[in-house]
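Engineer: Got a structure for you, written out below as structure tokens; questions coming shortly.
The values are calculated or read from the model by the stated rules, or taken from the named source; none is laboratory data. Because the structure is a prediction, the values reported are computed rather than measured. No Cβ is skipped: glycine too gets one built from the backbone with ideal geometry, and neighbour counts run over all protein chains shown.
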Amino acid sequence: MEQDLESFRSSVEDIVYHHPVVMDNTYTKWFAKGEASRGEVRHLAVQFSVFSHQFVEASLRKVINAADLQTYRAGKEILMNELGVVYRPAGARREAADTEDPELVGTEGSVDASTFRFSAAHFEWLLNFGAPLGLSFEDMGKRRHATPGTRFFCDELLRIYGAEDASIAEGASFAVEHWAAAGFWKELIAGLKAFKDRECPGLPLGFWIWHDKIEDQHAAHTSDELGQAFAMPEFDQEKFIQGAREMLDGVRAFWDGLWGDHVVGRAA
Ligand SMILES: [Fe+2]
């Protein structure tokens, strides 16, 4: 049955806000307590780096499959920034902070007419995070390092977030953004700060802090992506919901995989 925008919005919010990975993420809740061992922090770093790299490929697919110029450009803002083009605030001659430290790199503006820096790639921030943990380039970001849960999540990202069908892709995108804004960055940062204070003073947390900052700002903006998707010419409500639900199941496989590894590791 076709619904109008407002009732469609409440059905979608019901599914997304009540999904277990948004409401109750066992792994990140535990991680926030700061009890993760060095090996567990390393494991998180490697699995997150595989996801982070695969997200770049899924974002490129999303750009290629975009239904209109506006979503094509919106996708490119994310893709290019991920690769190392810093956001430049509107009206600024160049990016506000002329720095490579992600704790100071801007989270507002556009990649248009901005600067590319190798060292501004989010993957390079993760490499810097991994270094004091003894992780080198070849230890991070490759599919061969993925556990089954991470691999499933990555495959779902490519299949759903990067889907050719715009209704499915928009559903996935809505789900990913709401998951990201639901607080998991803060939980990871809390746990990482505790670990850093306890045994790894040189650990740079910029990758995590920058992403948390951009989520906060995103939540404060009132851009109505659901409304825009709803207005697409070929919009299919069921496919949007299917994309959102399946994407969150993929996200859940990632975190549940990490939780399972923690439980098995502690029992061994
Ligand atoms: Fe990123």
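Engineer: Got a sec? Which of Asp224, Asp256, Asp261 is more than 18 Å from Asp155 (Cβ to Cβ) and either in contact with a strand residue (DSSP E or B) (Cβ under 9 Å, 6 or more places away or on another chain) or at pLDDT 95 or above (or both)?
Structural biologist: Of the residues listed, the single one that is more than 18 Å from Asp155 (Cβ to Cβ) and either in contact with a strand residue (DSSP E or B) (Cβ under 9 Å, 6 or more places away or on another chain) or at pLDDT 95 or above (or both) is Asp261.
Engineer: From the list Ser59, Ser49, Ser10, exactly one residue is under 21 Å from Ala181 (Cβ atoms), within 19 Å of the chain's Cα centre (by Cα) and in a helix (DSSP H, G or I). Which is it?
Structural biologist: When all the criteria are applied, what remains is Ser59.
Engineer: Now for a different question. Could you tell me whether Gly227 is closer than 24 Å to Ala166 by Cβ and either in contact with a Phe, Trp or Tyr (Cβ under 8 Å, 6 or more places away or on another chain) or assigned to a helix (DSSP H, G or I) (or both)?
Structural biologist: Taking the combined requirement at face value, the residue satisfies it.
Engineer: Let me ask you something else. Which of the following residues is within 24 Å of Glu225 (Cα to Cα) and either of a type in the set (D, E, K, R) or modelled with pLDDT of 95 or more (or both): Ala163, Ala190?
Structural biologist: Step by step, each of Ala163, Ala190 is checked, and only Ala163 is within 24 Å of Glu225 (Cα to Cα) and either of a type in the set (D, E, K, R) or modelled with pLDDT of 95 or more (or both).
Engineer: Of the residues that sit in the stretch 98-126 and are without any contact (Cβ under 8 Å) to a residue 60 or more places away in the chain and assigned to a helix (DSSP H, G or I), which one is surrounded by the fewest Cβ atoms within 10 Å (Cβ to Cβ)?
Structural biologist: Phe118
Engineer: If Lys33 satisfies every condition in (1) assigned to a loop (DSSP other than H, G, I, E, B); (2) surrounded by fewer than 14 Cβ atoms within 10 Å (Cβ to Cβ); (3) free of Cβ contacts under 8 Å to residues at least 40 places away in the same chain but one, which is the exception?
Structural biologist: So the condition that Lys33 fails would be (3).
Engineer: Does at least one position in the stretch 79-86 carry a residue that is over 27 Å from Ala231 (Cα atoms), within 15 Å of the ligand (Cβ to nearest atom), touching a residue at least 24 places away in the same chain (Cβ under 8 Å) and touching a Leu at 6+ places or on another chain (Cβ under 6 Å)?
Structural biologist: No, there is no match, as no residue in the stretch 79-86 is over 27 Å from Ala231 (Cα atoms), within 15 Å of the ligand (Cβ to nearest atom), touching a residue at least 24 places away in the same chain (Cβ under 8 Å) and touching a Leu at 6+ places or on another chain (Cβ under 6 Å).
Engineer: Still on this model: Free of Cβ contacts under 8 Å to residues at least 60 places away in the same chain, of a type outside the set (A, V, I, L, M) and surrounded by fewer than 18 Cβ atoms within 10 Å (Cβ to Cβ): is that true of Tyr17 in this structure?
Structural biologist: Considered against the rule, which asks whether it is free of Cβ contacts under 8 Å to residues at least 60 places away in the same chain, of a type outside the set (A, V, I, L, M) and surrounded by fewer than 18 Cβ atoms within 10 Å (Cβ to Cβ), Tyr17 comes out as no.
Engineer: Take Ala66 and decide whether it is away from the ligand (no atom under 15 Å from the Cβ) and either part of a helix (DSSP H, G or I) or in contact (Cβ under 8 Å) with a residue 12 or more places away in the chain (or both).
Structural biologist: yes
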